[in-house]
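Below is one structure. I have some questions about it.
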Amino acid sequence: MTSTASRGVRARRLAPGLLLVLVVLATVLGTALSPVPGTSRAASFLAPAAADVAADGEVTVELDAITPGVLAPDGTLTVTATVSNGTEETVGSPAVELGLDRSATATRSGLESWSTAAATRRIGTLVDQQSLDPLAPGATAQVTFSVPAADLGLSARSDWGPRGLAVRLSDDGRRLAVARSFVVWAPPGDVPPVRLSMVAAVTGPPVDPDPEAYDDALSAATGADGRLGRVLDATASSPEIGWVVDPALVAAAQASPDPGVTAWAGRLLDAAEGRTTFALRAYDPDVAAYAHAGLPLPEGTPLPGADPEPAVPDEPAAAAWRTDLAWPADPVPDVTTTALAASSGATTVVVGGDALAPDRSLTYTPTGTARVSTPAGDVTALVPDPEITRAVAAGPGADPVAVQRLLAETAVVARERPADARHVLVALPRGWEPDATAFEERVAALQAAPWVDVAPVDELLAAPVPEDARSPLPDDAPAEGEIPPSQLHSLDRTRTELAAFATVAPDPAALTRPLEPGFVVPGAVAYRDAPEARSAAVQHAAQAAQAVMGGVSIERGSPILLLAEEQSLPVRVANDLPQDVEVQVVLRPDDPRLKAPSRQTTTVPADSEVTVSVPVEANGSGNVTVAVEVVSAADPSVRVAAPDEFVVRVRAEWESVGTAVVAALLAIAMVAGIWRTVRRGRSPRRLPGATVDQPAPAPAEPERADVEGQRR
């Protein structure tokens, strides 16, 4: 029998080991149950198996309203939130807490850390709390906190700037979900300003070679629910927002048969007055694709519905549009692309927020411009602020979190270097799908913030470019969605061939300009997401050019018999073009027995045929194949019709033989005539021995009398 004392000693000896085991188990369980950062702890705690958790199987907190966004000492902070139970278990004792970090966030990394912290992390000082009834599966509840500024622990002496704000849902002490945002504390007094500019692209959709299909696409894009319609609705009322416009898009809208599309174009042109507006190259060619193909950017491409010399709509508002900006499709363009933009006349290039990143040694947000050196010269890069751009271009719907993050980001930028005012940029994505109401709310919040000066982008470009250290652009990095170089080169060759062919007409531009857009359209940025349609557009451009270049043709003739050493061969040339053409007909025999030493130049009237006589020289006899070419009289090196050939049966010696035969016959005839004459000269009626000196004697008188008697 073991004594009680012995059992106690043994227990004391085992206690440290048991404690160690319990600690290890607690650590393992704690690790297994701890939530993934940025997700709700309730999702991992309540779910039976993490792999089986549905997307909506969470307990969530969403912020519905934060007013005012900028809080003064005499104000009252009001926060409304909605809590939802998306799990299959009831939240038995829900409690909602409102927390506020009383210290101003001084860095932008601090803003990100606060925004992404999990529900288990701190929420600042607890300033209010509400208990709710149990939340059944699928149930929601809305809570509103209203706290005077005096109760937040802030005063007029507190530093101005953003404070982290959080609403957290707990269940009997377990922290289930949190929603985080910011409120900017702004007591009376001067605050350091930060300037902010915005630009938006007005481009697309891809131009369909089928005019009716393109009209339908324009109607859809510029309508109330279309992307371009919403871009105009969102930005037209804010003249500080710059536009980067495809002039071909505006011209096509002006010429559209849809009154709604023409109305959209009219609104855009009206709103462009007094606004910084940049005109891209017509049809928005992909700068990167042309650069990587080693081709220049197309210029002077005629616009839809008109034929102006400059590729800008013929409207008063367009006269002031700038043409010195390029906006490559890639957020991080390479030096090759930037060099082509510079050589094409651009002094400014828009890049994405991930390009030209500031050096990590910088402790502040730099101005949104940078100098980029290229083999074609230096250009100024407009570098958007990535976080501010994301907040401005956030998705649809009223989102107080986006608005407050926007105010917090700009406030931190202003606080970073109060004595050094910076100018940041927001470049809205090329394919931006705005919610006009939400966007206008964000712009209004920026305009109302005392530390933000929303300014035109012209002012940013006019300011000196800072020499802040930034990461370089890559040297050469083609993107996957670019049009293949082979297709661009094919379009370029066809365009060159068409231009050479057009020299046959007195007005070459009348033949080429209607087809010029077809060579540019497939290389547009809008076609990056439609490679199959792009290939079809390339084929359509080639077919349209071939149809024009086939307008001059040679009519095939039958074999020709050539009997003379010098003769003219007939060649029939047809012209189906709407203009007269001046051509030269060239014959190229494959045998030296036939020569064509000269070319015949002739004018073939529009929609007609003519027969051209080409002189040739023959020598010998035989069948000769003659190739026929029709070339431009203005540029004889350019063939303007498909070559043809015919057979000439050369019998040139027949002419000599015939001449000899005729001469022989004439000689024989002459000899025969002489012989006949001679024979007639030896008639028996003549006296033998008569000579010229001895004329024949006169006949006797009786005979004459008899004759006269017979006459009587």
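Kindly list, by first and then second residue, each pair from a residue in the stretch 408-421 that is assigned by TED's automatic domain parsing to the domain that holds G368 to a residue that is β-branched (V, I, T) and surrounded by fewer than 18 Cβ atoms within 10 Å (Cβ to Cβ), limited to pairs with Cβ atoms under 7 Å and residues at least 6 apart or on different chains.
V412/T107
Can L154 be described as within 24 Å of A445 (Cα to Cα) and not in a helix (DSSP H, G or I)? Full working, then the answer.
Working: within 24 Å of A445 (Cα to Cα): yes; not in a helix (DSSP H, G or I): yes.
Considered against the rule, which asks whether it is within 24 Å of A445 (Cα to Cα) and not in a helix (DSSP H, G or I), L154 comes out as yes.
I'm told P193 meets every condition in (1) under 19 Å from the mean Cα position of the chain (by Cα); (2) under 30 Å from D420 (Cα atoms); (3) surrounded by fewer than 18 Cβ atoms within 10 Å (Cβ to Cβ) except one. Can you identify the failing condition by its number?
All conditions pass for P193, except number (1).
If only one of V520, V504 is surrounded by 17 or more Cβ atoms within 10 Å (Cβ to Cβ), of a type in the set (A, V, I, L, M, F, W, C), in contact (Cβ under 8 Å) with a residue 12 or more places away in the chain and closer than 30 Å to V372 by Cβ, which one is it?
Exactly one of V520, V504 is surrounded by 17 or more Cβ atoms within 10 Å (Cβ to Cβ), of a type in the set (A, V, I, L, M, F, W, C), in contact (Cβ under 8 Å) with a residue 12 or more places away in the chain and closer than 30 Å to V372 by Cβ, namely V520.
Tally time: how many residues in the stretch 427-459 are aliphatic (A, V, I, L, M) and either assigned to a loop (DSSP other than H, G, I, E, B) or not assigned by TED's automatic domain parsing to the domain that holds V403 (or both)?
Residues flagged as aliphatic (A, V, I, L, M) and either assigned to a loop (DSSP other than H, G, I, E, B) or not assigned by TED's automatic domain parsing to the domain that holds V403 (or both) within the stretch 427-459 amount to 3.
Could you grab me the full set of residues in the stretch 209-230 that are over 16 Å from the mean Cα position of the chain (by Cα) and in a loop (DSSP other than H, G, I, E, B)?
D210, G223, A224, D225, G226
Another one. So if I check each of V127, V167, which one is part of a strand (DSSP E or B) and in contact (Cβ under 8 Å) with a residue 40 or more places away in the chain? Quick ask: steps written out before the conclusion?
Working: V127 fails: in contact (Cβ under 8 Å) with a residue 40 or more places away in the chain.
Step by step, each of V127, V167 is checked, and only V167 is part of a strand (DSSP E or B) and in contact (Cβ under 8 Å) with a residue 40 or more places away in the chain.
Residues that are in a loop (DSSP other than H, G, I, E, B) and touching a helix residue (DSSP H, G or I) at 6+ places or on another chain (Cβ under 8 Å): does the stretch 111-119 have at least one?
Looking for residues that are in a loop (DSSP other than H, G, I, E, B) and touching a helix residue (DSSP H, G or I) at 6+ places or on another chain (Cβ under 8 Å), one finds at least one in the stretch 111-119, hence yes.
Checking the structure you have, find out if any residue of the stretch 285-293 is assigned to a loop (DSSP other than H, G, I, E, B) and surrounded by 24 or more Cβ atoms within 10 Å (Cβ to Cβ).
Checking the stretch 285-293: at least one residue is assigned to a loop (DSSP other than H, G, I, E, B) and surrounded by 24 or more Cβ atoms within 10 Å (Cβ to Cβ).
Related question: Any residue in the stretch 333-359 that is not assigned by TED's automatic domain parsing to the domain that holds T276 sitting within a Cβ distance under 6 Å of a residue that is among the polar types (S, T, N, Q) and part of a strand (DSSP E or B)? List the pairs, counting only those 6 or more apart or interchain.
Partner pairs satisfying both residue conditions: none exist.
Still on this structure, please answer the following. State which residue is surrounded by the fewest Cβ atoms within 10 Å (Cβ to Cβ) when the search covers only the stretch 271-284 and only residues that are out of contact with any strand residue (DSSP E or B) (no Cβ under 7 Å at 6 or more places or on another chain) and not in a helix (DSSP H, G or I).
So in the stretch 271-284, the residues out of contact with any strand residue (DSSP E or B) (no Cβ under 7 Å at 6 or more places or on another chain) come out as 271, 273-274, 281-282.
Retained after the next criterion (residues that are not in a helix (DSSP H, G or I)): 273-274, 281-282.
Numbers: E273: 13, G274: 10, R281: 24, A282: 26.
For the stretch 271-284, the residue satisfying everything is G274.
Could you please find all residues in the stretch 343-379 being farther than 16 Å from R422 by Cβ, outside any loop (DSSP other than H, G, I, E, B), in contact with a helix residue (DSSP H, G or I) (Cβ under 8 Å, 6 or more places away or on another chain) and not charged (D, E, K, R)?
T348, V349, V372, T374, G377, V379
The values are calculated or read from the model by the stated rules, or taken from the named source; none is laboratory data. Just so it is clear, the model here is predicted, and its values are computed rather than measured. With ideal geometry, Cβ positions are generated from the backbone for all residues, glycine too; neighbour counts draw on all protein chains shown.
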